[in-house]
Amino acid sequence: MKALVTGASGFIGGAVAQALLRRGEHVRVLLRPGSSPNLAEPSQVEVVRGDLRDAQAVREAAEGCEAIYHAGAVYSFAEAPAAVLAVNVGGTRNVLAAARSTGARLVYTSSIATVGGVRDGKLPDESSMPDGPPAGPYKQSKREAEALVREAARDGVDAVIVNPTFPVGSGDVKPTPTGAVIRDFLAGRMPAYVETGMNVVDVDDVAQGHLLAFDRGVRGERYILGHGNRTMREFLEELALVSGRRAPRLRLPHALALGIAHADAFVSGHLLHRAPRVPLEGVRTAREVMFADCRRAVRELGLRQTPVREALEKAVRWFQDGAGRKRSVS
């Protein structure tokens, strides 16, 4: 079977491409000029150059494919809101049009951000929706894009949605915000932390979950791909255990962290014209406890549940051994 993967230069998309290669699939990846697949052997995939914002390029990339895995997205607190929406929403609209015209089955990579956090002590599941306005353009874009996919599925497009939580492991090249925490922790650049809550999962389990969603997922349904709920304090303590480094003890109040982020945004953005070290959107996001109930994907898809510590060990090894290396497909 031939499968198209978008976002294969990134963490999740690269892992999905790797999982497909291991299954013996013919993998085609849509990449912007200058990007390369997040794989040790890029020659193992068929590369098509194009931009998600270009409807014709997306349609041509999908020709002849029975499967589309749409993991491509802008995931950066530093990008302009218009750019985030153009890629994450407009690009998804183009992918849906391609899936409709080719008849391919689509697995859309959404986010735990579209599910929301803990409310009244109850863990969110696939039936949950977030309260209130989104914390920033990324969350807004993922809400809008997922809504497009649900609507298209109701109209007949064979699409299923997966909602990864906070993946960790090898191959976090950019890195993700969670990967940046691991990188900074290992480099001794984390004197303090802001308490929050997140659901941590092995990126290889997330990739496998995409394939399982293609094989077993119900059209129009969503599946949370996650595993272990951790507070930031617990996450850092596990990192300390696997890395041999000391976890920071100083906990910053959210109000203080928010003030620092505002000041950093002004100095970095307006005076130095560079991305802030303390993203305002990230601090706002930390106010929400992003635990999750992941049992549906385990029960209905057979999602693997690699221990969080094992996933962290892989992430630590990857960052310590040279994070510039691409992931292996062997």
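The values are calculated or read from the model by the stated rules, or taken from the named source; none is laboratory data. This is a predicted model, so every value here is computed, not measured. Heads up, the Cβs are rebuilt from the backbone with ideal geometry, glycines too, and the neighbour counts pull from every protein chain shown.
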Conditions (1) among the basic types (K, R); (2) surrounded by fewer than 22 Cβ atoms within 10 Å (Cβ to Cβ); (3) part of a helix (DSSP H, G or I); number of the one not met by K174: (3)
A311 touching a strand residue (DSSP E or B) at 6+ places or on another chain (Cβ under 8 Å), closer than 25 Å to A187 by Cα, in a helix (DSSP H, G or I) and at pLDDT 65 or above: yes
Count - residues of the stretch 75-92 that are within 15 Å of the chain's Cα centre (by Cα), among the small types (G, A, S) and buried (at least 18 other Cβ atoms within 10 Å of the Cβ): 0
Residue in the stretch 58-75 that is under 25 Å from T176 (Cα atoms), out of contact with any helix residue (DSSP H, G or I) (no Cβ under 8 Å at 6 or more places or on another chain) and of a type outside the set (A, V, I, L, M, F, W, C) present: no
Pick from the stretch 105-123, criterion among the small types (G, A, S) and modelled with pLDDT of 95 or more, ranking: surrounded by the most Cβ atoms within 10 Å (Cβ to Cβ): S110
Candidate set from the stretch 111-125 (those that are under 16 Å from the mean Cα position of the chain (by Cα) and not in a loop (DSSP other than H, G, I, E, B)); member that is nearest to A292 (Cα to Cα): I112
Test: residue in the stretch 137-157 that is assigned to a helix (DSSP H, G or I), of a type in the set (S, T, Y) and over 17 Å from A15 (Cα atoms): yes
Any hit, the stretch 24-34, residues being over 25 Å from G171 (Cα atoms) and buried (at least 17 other Cβ atoms within 10 Å of the Cβ): no
Some residue of the stretch 199-212 being more than 15 Å from G302 (Cβ to Cβ), surrounded by fewer than 18 Cβ atoms within 10 Å (Cβ to Cβ) and either within 17 Å of the chain's Cα centre (by Cα) or in contact (Cβ under 8 Å) with a residue 12 or more places away in the chain (or both): no
Residue in the stretch 178-185 that is part of a loop (DSSP other than H, G, I, E, B) and in contact (Cβ under 8 Å) with a residue 40 or more places away in the chain present: no
Test set (1) under 25 Å from V16 (Cα atoms); (2) surrounded by fewer than 18 Cβ atoms within 10 Å (Cβ to Cβ) - A152 fails condition number: (2)
Single unsatisfied condition, P167 versus (1) in a helix (DSSP H, G or I); (2) modelled with pLDDT of 95 or more: (1)
Residue within the stretch 63-74 that is over 22 Å from the mean Cα position of the chain (by Cα) and outside any loop (DSSP other than H, G, I, E, B) present: no
Pair list, Cβ under 9 Å, 6 or more apart: the stretch 19-36 residue without any contact (Cβ under 8 Å) to a residue 24 or more places away in the chain and farther than 17 Å from G209 by Cα, other residue outside any strand (DSSP E or B) and of a type in the set (D, E, K, R): R32/D51; P33/D51
